[in-house]
Structure formats: structure tokens, C-alpha cells
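First comes the structure, then the notes that go with it.
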Amino acid sequence: MNAIGTLGSHCALQVLKGAKDEGFKTILVCERRREGLYRRFRFIDRLIPVEDYRFEHAFSEGIQNELHDNNCILVPHGTYISSMKIEEIESIRVPFFGNRWILRWEADRVMKERLMLEARLNVPRSVSIDELGNSSSSSSGSGSSSSSSSKDAGRLVIAKLHGAAGGKGYFLAWDRESFMAQYNKLLSKGMVKSLNDLYIQEYVLGVPVYLQYFYSPLSREVELLGIDRRYESNVDAIGRVPALQQEHSGIHEVSYNVVGNSPLVLRESLLDEVYRMGERFVAAAERLVKPGMIGPFCIEGVYDQDGRFISFEFSARIVAGTNLYVNGSPYSYLLYDEPMSMGRRIAREVRTAIESRELDKVVT
Ligand code: AMP
């Protein structure tokens, strides 16, 4: 029998519950301080306690051997990317569900943009520091609507860290001065080492939407299994303070620290393009990152005032927003007459692949 395993955080509960429902043994590699939480759930068969999620602890020789001996298939999630180097993730000797090589394209923002452009997604323009004007020259820009990708918020840019940082350390700037002031703060906190650690993009005004897809290499179909939006602090709180009060509130920085996710359904007329975007993404990944997209992925962006979707990000693996739908979503219910979480969908794909002797199509 095969086992399905993962690291204890992010979406581990959903992944292992889905694996159990599909008849797999379940294994959790778990930080000691989180053991109490995960021991509450009876669908976890084996819990391997570790010091923390650094590679040398979470995937020591001994642990890799144990996973191997259990015929374990690992399901990667955001914590892998935020706690290990990409080379370390790639070197793990246990099979991954999905394409492990595409995680590098997710973690590196320049590669990420290339894949998104290849998929013909509308992406916000990336901006170099040299393009950020001085405070005197930029103030006239806010009224112009000359943006390449959308009706953006004048010349506002958003600076992001590489990797799955959960929005931590991101900041907004409108000219070189405001950029450098905030960059220097990150520098002094040790969150960046150089300007290369930041990726700058034009800020797009719109309603944020996270599209949760699954691609099956067995059926060669893209499924939309759910949609969510994130709750990010403090940016989602600032809108509740009127502009006048904001000026006097001492709020100088916005942050995009993800606190949770809430469900969302889209206008039905937008769904056709949602499917097409997913299909273009799968086709682009097949061209650029062999063997292409396998399993869960997410395209993330905003709908602007004209109902146009501008996407600033993708995740090439399961996202935590799928935790909303442990019991299925309105979209998964249209495809499956049973509760189908993303975690369960992964396990179903593994099971089908084992039954049809095509496991090599879904693991790397
Ligand atoms: P990301 O890590 O790229 O998903 O970004 C974290 C959050 O920053 C998103 O959930 C959005 O709220 C916001 N964000 C990122 N990029 C942009 C953008 N280009 N325009 C507007 N908001 C953005």
C-alpha cells in the first residue's frame, strides 16, 4: 500500500483527510511544538516529530528512508517553499505528487512572470528602480491612465519579497524616496540583503480573487475546484478607516500578512474565461517546465472595474485557500456528486494512477 505524507502546517489536515478518505496510509512530518494540534486527528496514522522544517531536520536521511520504506508520496505546499531552499526541495529522494521542478518557477519572481506571460495572462507591468521617479517628478503621474495592463492606481507600485512569504514585508511606494525609505527598514530588520531580494510591480486596483484549479494528466482536463479571497492584515482593515481619519491614525505602512481566507463565487459569465486561463496556464507549463503542470495550482489576481482579470501571482501547488472546502465547494459539487476537497482530489488522482499503472504521470 502507498502512503501519502506532508509537513504539518498550511493544508496538511485537508491533504491527509483526503488521503485517508481515498484509502491511503497517512504520514505527517511534524514540528514538536505543533504535535498537540495534529494528534487530535485520528486520520493521521503516523506522526514523525521533528525539531523544525529546515531541510536537515524535516528531511534528514533517517526520515527520507522512513518515507521511502512506506512507499510515501509527498504533497508539497507553501511551507516547503517558505522553510527550505528550492535546491533542497528538489533533492528530496521521496516522490512528490506534481511537478517538483515547477516550484522553482513559483519561488523566483522573474521566472514566474515568464511563465505567466507564456500563458497569455494579463500581468501587471514589472518596474525597475530606475523607473521610479523622484518625488517632484512623480506627483503629476497619478491622474494619468496610461498604464499598460489596466487602470492602475496612478504610479503606485508594490514591492514583494521572493518566495511564498505570505505577503510579509510587502510595501507600496510611489517614488524612489518612498521606496528607499521602506526598503531601508526591511534592510535593518534583516528581511532583505539587497535590492535583488525585491520584485517591484505596478499596483492594480481591483477585487482580489484566487482561482483554485486541478489539472489531471490522466484525463487531460482542467477542473476549477474552488475560489476564495484572502483576508490580509492590515490592508483589509485600512479600508474601514475613512481617508481623513487615516491621515491622523499614524498608519504609515500597509501589510499583506494573510490571516485567513473567505469563500467567493464569481459571476457566472466570468467562468468561461477562468477555465480558459487555467488551460492556457497548463499549456504554457507543458512548454516551459517538463513534464508540465500536474495537480493543484492557483492563479491569483484582481478583477478591475471593467471586469478584466489582472493576475499578479500563481502557485504551482495546493494553496491554503482550499482549506475552505474540506467538504467540497460550489464548483467541485458541479463536477463531483460527492464532497471533493483539493486534498481528496489529489489522493483520487494518485489512486486512479496506481490502478491504471500510470503513477509516473503524476509524480516526479
Ligand atoms: P502575492 O504574494 O503576490 O500573492 O501578494 C500578496 C498580496 O498583495 C495579494 O494577495 C494582494 O492583496 C496584493 N498584491 C500583490 N500584487 C499586487 C498588485 N500588482 N496589485 C495589487 N495588489 C497586489
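Laboratory data are not the source of any read-out in this text; all were calculated from the coordinates shown. It should be emphasised that the depicted structure is a prediction, and the values quoted were computed from it without experimental measurement. All Cβ positions, glycine included, derive from the backbone under ideal geometry; neighbour counts span all protein chains shown.
General remarks:
- Modelled label positions at Leu205 and Arg308, each set 7 Å beyond Cα in the direction of Cβ, lie 1.5 nm from each other.
- For region 264-326: rounded, prolate or oblate by the Cα gyration tensor [a/c cutoff 1.5]: oblate
- Antiparallel bridges, percent of DSSP beta bridges restricted to the chain (to nearest 5): 75 percent
- Order by protection proxy (mean Cβ within 10 Å, highest first), peptides 80-87, 256-263: 80-87, 256-263
- Crossing angle, helix 342-355 versus the chain [Cα axis fit, 0-90 degrees, rounded to tens]: 40 degrees
- Each helix, a run of at least 4 DSSP H residues, gives -39500 (n - 2.57); summed and divided by the residues of the chain, these come to -8500 deg cm²/dmol at 222 nm.
- Annotation: lysines with alpha-carbon distance below 26 angstrom to Lys20 (same-chain offsets under eight excluded): Lys361.
- Ignoring lysines fewer than eight residues from Lys112 along the same chain, the ones with Cα atoms less than 16 angstrom from its Cα are Lys160, Lys290.
- Highest-first arrangement of 186-192, 8-14, where packing means the average Cβ count within 10 Å: 8-14, 186-192
- Extension gain, Asp108 to Glu268: 0.36 nm times the residue separation minus the Cα-Cα distance gives 54.3 nm.
- Its Cα gyration tensor gives region 3-96 an equivalent ellipsoid, and the semi-axes of that ellipsoid, as √(5λ) in whole Å with the largest first, are 19, 15, 12.
- With the simple spin-label model, which puts each label point 7 Å out from Cα in the Cβ direction, the His57 to Arg357 separation comes to 4.4 nm.
- Ranked by how many other beta carbons lie within 10 Å on average, peptides 289-301, 114-126 from highest: 289-301, 114-126
- Full extension of the chain between Val258 and Tyr231 yields a length gain of 9.1 nm, computed as 0.36 nm times the residue separation minus the alpha carbon distance.
- Sequence-separation-based contact order of the chain, relative, with Cα cut under 8 Å and 6+ spacing, percent: 21 percent
- Listed values for region 118-127 are Karplus-derived 3J(HN,Hα) couplings in whole Hz (6.51 cos²θ - 1.76 cosθ + 1.60, θ = phi - 60°), namely 4, 7, 6, 8, 7, 10, x, 5, 7, 10, and x replaces Gly and Pro.
- Where N is the number of residues in the chain, Cα Rg divided by 2.2 N^0.38 Å: 1.02
- Counting 0.36 nm for each residue step from Glu87 to Ser249 and taking away their Cα separation leaves a gain of 53.9 nm.
- Whether region 213-252 is rounded, prolate or oblate, judged on the alpha carbon gyration tensor where a/c under 1.5 counts as rounded: prolate
- 3J(HN,Hα) along region 218-225: 6, 9, 6, 10, 9, 10, 9, 9 Hz, from the Karplus curve 6.51 cos²θ - 1.76 cosθ + 1.60 with θ = phi - 60°, whole Hz, x for Gly and Pro.
- Cα gyration tensor category, rounded, prolate or oblate, for region 166-270 with a/c compared to 1.5: oblate
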